[in-house]
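Okay, structure first, notes after.
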Amino acid sequence: MAAHLSYGRVNLNVLREAVRRELREFLDKCAGSKAIVWDEYLTGPFGLIAQYSLLKVICISDVKNIIFLVRPRLELMDIIAENVLSEDRRGPTRDFHILFVPRRSLLCEQRLKDLGVLGSFIHREEYSLDLIPFDGDLLSMESEGAFKECYLEGDQTSLYHAAKGLMTLQALYGTIPQIFGKGECARQVANMMVRMKREFTGSQNSVFPVFDNLLLLDRNVDLLTPLASQLTYEGLIDEIYGIQNSYVKLPPEKFAPKKQGGGGGGKDLPTEAKKLQLNSAEELYAEIRDKNFNAVGSVLSKKAKIISAAFEERHNAKTVGEIKQFVSQLPHMQAARGSLANHTSIAELIKDVTSKYLLPGWPPTQKSSDICGYILASEDFFDKLTVEQEFMSGIDTDKVNSYIEDCIAQKHPLIKVLRLVCLQSVCNSGLKQKVLDYYRREILQTYGYEHILTLNNLEKAGLLKAQTGGRNNYPTIRKTLRLWMDDVNEQNPTDISYVYSGYAPLSVRLAQLLSRPGWRSIEEVLRILPGPHFEERQPLPTGLQKKRQPGENRVTLVFFLGGVTFAEIAALRFLSQLEDGGTEYVIATTKLMNGNSWIEALMEKPF
């Protein structure tokens, strides 16, 4: 059991156990010894639901069954066919099985038939891994191409998977009485759910409902938020190093054990990246993950003093009973000390990137070239953040930005430039034609004309476009929804805007206003934002209507179609913890992402 999945109002271990059971049932069909051949992309998501302890016992060398666990991709079918033909030539005969995740594909099966190997598979089945529990309040489909498929290619496959995942949740946690939505994709998912429910009219759901509301949100309703730099601790780790399936790989230097007397040269430094798991099972991480990074240092400092004082207690232990009690607490104290050391090192790595000035007490032994690199890195982050915040607060969004010009001239990473240009475009409801033409020309001349396809994709997605009708709607949206707050308390926040040090994520503000006072108060803005907004009610069988206890919070599932950032997740958790909030949130998404991974997914790779 993954204990951290059962911490919240909704016990997500129930979902995890259900998908584990389905996997075990398929594997049990293949009698005898087994070897699993993995689609590399699936190893991370499967590690979250099965871990390798479930799979190790069935993966041995002298095998009768070979099982392919793959996504339905044609290029993977070619590799599988090659392996099957190779095994057949080698002998002795083995049994082959294929498990498609999350759906079987007729196209893939046809490709296997054309390659002459379809008949070799005894079992050809699908494994519906639609929603994967990442944490006690977080689910993701980890569908890397969902946004591009929905908004560029008109492919609704990921929306169908989202609807199927929601039906699975309702089977386990009861029918969700109210569905709210904003956006065209949200409308389609809601329609699919209604259709699926109609198909299963024979069996009525008798599970008492855990969720009160479902809010479906299109990513293109809020294109701005993922483009901005996240400023929470977890958000910055993801921005700088990238979090994949709850794991992060970090530069090893900061994690090298410190030797007594300061000896031991660079030859002893580790060279392999430090890999850490990040979830709420770790007490300290659960406490600091959603804080603004500027508030993390003081928490780490307090923790260090508490842990140090706890270890000092050993000197006060005189009796056998006191010594025994101290020894029993030792494993937890040592784990806390290790956790503190790790997060202090991570905070130092982030500080190297984000601080504008040199830290007090900077080691005088540091090489001057390293110090120059540090100053450049931190000043560049500060300059970029300043430009972002000017755009989000409505300053100089209608003309060519000198910082973006400099970034292009110095050939900074293309993704960084595209994020800034798209942010300016979104904050101005599109760029003036001459400004857009200038940016396009500069980008293509500097980075290569093959990127014209990428620019076209960004335009199709609505991220980079010319302003039509000469009207900028962003100021109206910003003021009505209070998206920019000048006075932000980063240490003890009172508003969700702390996650971006001033900007309140539009998507989360919509969720907040839905809870109280309701969307009727913002009808004008909802009409400006893309796509329809709607409300559906799902009738509950007699006896399953919820009677709320005094002071009991509602539980709302917020599903982001097209991806969500860690800063948005932090903002929703902040709302859940408000004493007078009245609502606790569980977050689901097609993909956990940041601005870099989002833009990268929309880029066309040069031939």
Amide H to amide H under 5 Å from G181: which residues, 5+ apart in sequence or cross-chain, H placed 1.01 Å off N in plane? L216, F534
Helix-derived mean residue ellipticity, 222 nm - over the chain, DSSP H n ≥ 4, -39500 (n - 2.57), to 500: -14500 deg cm²/dmol
Checking the a/c ratio against 1.5 first, then a/b against b/c, what shape does the Cα gyration tensor give for the range 112-166? oblate
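Within the chain, what percent of beta bridges assigned by DSSP are antiparallel, to the nearest 5? Intermediate results must be reported in sequence, preceding the final value.
Numbers: 16 of 56 bridges.
Beta bridges within the chain, antiparallel portion: roughly 30 percent.
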When the charge dipole of the chain is computed with +1 on Lys and Arg Cβ and -1 on Asp and Glu Cβ about the Cα centre, the Cα farthest towards its positive end, among F382, I122, N245, belongs to I122
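Which length gain, in nm to one decimal place, applies between F534 and K546 when the Cα-Cα distance is subtracted from 0.36 nm times their residue separation?
Working: separation 12, 0.36 × 12 = 4.32 nm, distance 2.26 nm.
This chain segment gains 2.1 nm when fully extended.
Hey, got the dipole for the range 430-585? About the Cα centre, +1 on K and R Cβ, -1 on D and E Cβ, debye to the nearest 20?
Details: 20 positive and 17 negative charges, 109 e Å.
Computed about the Cα centre, the dipole is about 520 debye.
At R0 = 25 Å, how high is the FRET efficiency between S33 and R104 if r is their beta carbon distance? Nearest 0.05 is fine. Please list the in-between numbers first.
Details: r = 25 Å, r/R0 = 1.02.
Efficiency, rounded to the nearest 0.05: 0.50.
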The range 541-586 and the range 64-120 have their Cα centres apart by a whole-number Å value of 43 Å
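With only Lys, Arg, Asp and Glu charged, each at its Cβ (+1 for the first two, -1 for the last two), find how big the charge dipole of the range 174-258 is about the Cα centre; round to the nearest 20 debye. Provide the component values of the computation, followed by the final result.
Working: 9 positive and 9 negative charges, 44 e Å.
The dipole magnitude comes to about 220 debye.
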Each label sits 7 Å from Cα toward the beta-carbon; between A3 and W519 the label points are separated, in nm, by 4.1 nm
What ³J(HN,Hα) values, in whole Hz, does the Karplus curve 6.51 cos²θ - 1.76 cosθ + 1.60 give for the range 185-194 when θ = phi - 60°, with x put for Gly and Pro? 5, 4, 4, 5, 5, 4, 5, 4, 5, 4
Just grab the label-to-label distance for A466 and A335, each label 7 Å out from Cα along the Cβ direction, in nm (one decimal). 6.1 nm
With the dipole of the chain defined by +1 on each Lys or Arg Cβ and -1 on each Asp or Glu Cβ, the option from T589, I179, V327 whose Cα lies farthest towards the positive pole is V327
Starting from the 7 Å offset along Cα-to-Cβ, what nm value, one decimal, do you get for the label separation of K416 and E490? 2.0 nm
Return the sequence-ordered ³J(HN,Hα) values of the range 426-437 in whole Hz as given by the Karplus equation 6.51 cos²θ - 1.76 cosθ + 1.60 applied to θ = phi - 60°, using x for Gly and Pro. 5, 6, 10, 6, x, 8, 4, 4, 5, 5, 4, 4
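Step through the table entries K274/K303; K416/K460; K547/K591; K411/K465, compare each Cα-Cα distance with 30 Å, and write down the pairs that go over it.
Working: K274/K303 23 Å; K416/K460 19 Å; K547/K591 34 Å; K411/K465 22 Å.
Where the Cα-Cα span goes over 30 Å, the pairs concerned are K547/K591.
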Tell me which label goes with the value of Rg and Dmax of the Cα atoms in Å computed from the coordinates here: (1) 26.3, 82; (2) 34.0, 93; (3) 38.2, 117. (1)
Would you list, by chain and number, the aspartates and glutamates whose Cα falls below 14 Å from the Cα of K197, excluding same-chain residues fewer than 8 positions away? E536
Magnitude of the Cβ-charge dipole (Lys and Arg +1, Asp and Glu -1) of the chain about the Cα centre, nearest 20 debye, reported as 840 debye
Carbon/sulfur accessible area of the chain, % of total, 1.4 Å probe, equals 52 percent
What residues qualify as long-range amide H neighbours of E584, i.e. H under 5 Å apart, gap of 5 or more or another chain, H built at 1.01 Å from N? R554, V555, T556
Applying the Karplus parametrisation 6.51 cos²θ - 1.76 cosθ + 1.60 with θ = phi - 60° to the phi angles of the range 207-219, what ³J(HN,Hα) value in whole Hz is obtained for each residue in order, glycine and proline being reported as x? 7, 5, x, 8, 8, 8, 9, 10, 10, 9, 10, 6, 5
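Would you mind calculating the gained length between R90 and E379 on full extension (0.36 nm times residue separation, minus the Cα-Cα distance), in nm to one decimal?
Separation in residues times 0.36 nm, less the Cα-Cα distance, equals 98.0 nm.
Which value, in Å², gives the accessible area per residue of the chain when a 1.4 Å probe is used on the protein heavy atoms? Present the calculation step by step, with values, prior to reporting the outcome.
Working: 28920 Å² over 607 residues.
Accessible surface, normalised per residue, equals 48 Å².
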Rounded to 0.05, the calculated FRET efficiency for the beta carbons of E75 and R24 at R₀ = 25 Å is 0.30
Cross-link reach list, aspartates and glutamates versus K113, counting only Cα pairs under 18 Å and skipping chain neighbours closer than eight places: E75, D78, E82, E87, D88, D95, E125, E126
Dipole of the chain [Lys/Arg +1, Asp/Glu -1 at C-beta], most positive-end residue of V555, I522, C407: V555
Cleavage-rule hits, GluC sites (Glu not before Pro), the range 564-607, DSSP coil, Cβ neighbours within 10 Å at most 12: E579
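The values are calculated or read from the model by the stated rules, or taken from the named source; none is laboratory data. Note that the coordinates shown come from a computational prediction; the quantities given were computed from them, not determined experimentally. For neighbour counting, all protein chains shown are included, and Cβ atoms are generated from backbone atoms with ideal geometry for every residue, glycine included. Calculation scope for accessible area: heavy atoms of the full protein, side chains included, ligands and nucleic acids excluded. Shrake-Rupley method; radii C 1.70, N 1.55, O 1.52, S 1.80 Å.
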